[in-house]
């Protein structure tokens, strides 16, 4: 399955661990992570702005996790959510033909699905919620 992680999951995973980190590691080992440059740029911007002292070490970890990622080019044309950052996540997932978006953002989670893509929390993803069987 192809999985897209929202920036808030990446930041939580990289700086705090817990379920977000477990979810990313699960996708890294069992599924395929898709990402676009806009999400990667937002991760770097938030990491630098909020956690400047740790940003260099985190960049190395992030690069290792993304080494086998499916990179998708998005144009920022989708206008579904009231938050343009959420639109980028949705567009990335749509263009990657993702099966799941993992997010902690209520504006995304309230949608539950977008174009057949399941929108789950990290806990739901870890518990196996979402589409079956694996493709």
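For the reader, a short list of remarks on this structure follows.
- Count of the range 35-68 residues which are outside any helix (DSSP H, G or I) and crowded, with 20+ Cβ neighbours inside 10 Å: 2
- Residue match in the range 117-128 (condition: part of a loop (DSSP other than H, G, I, E, B), at pLDDT 90 or above, touching a helix residue (DSSP H, G or I) at 6+ places or on another chain (Cβ under 7 Å) and under 18 Å from residue 20 (Cα atoms)): yes
- Among the residues of the range 1-26, those that are in a helix (DSSP H, G or I) and buried (at least 22 other Cβ atoms within 10 Å of the Cβ) comprise 7, 9, 10, 13, 14, 20, 23, 24.
- Filtered residues of the range 83-95 (kept if exposed (fewer than 14 other Cβ atoms within 10 Å of the Cβ) and assigned to a helix (DSSP H, G or I)): 84
- Criterion violated by residue 80 - all others in (1) part of a loop (DSSP other than H, G, I, E, B); (2) crowded, with 17+ Cβ neighbours inside 10 Å satisfied: (2)
- Residues in the range 67-91 that are farther than 14 Å from residue 105 by Cβ and in contact (Cβ under 8 Å) with a residue 60 or more places away in the chain: 70 only.
- Flag for residue 98 being touching a strand residue (DSSP E or B) at 6+ places or on another chain (Cβ under 7 Å), modelled with pLDDT of 95 or more, assigned to a loop (DSSP other than H, G, I, E, B) and within 21 Å of residue 131 (Cβ to Cβ): yes
- Of the residues in the range 47-61, none is on the phi < 0 side of the Ramachandran plot and in contact with a strand residue (DSSP E or B) (Cβ under 9 Å, 6 or more places away or on another chain).
The values are calculated or read from the model by the stated rules, or taken from the named source; none is laboratory data. If you're wondering where the values come from, they're calculated on a predicted model, not measured in any experiment. All Cβ positions, even for glycine, are placed from backbone atoms using ideal geometry, and neighbour counts span all protein chains on display.
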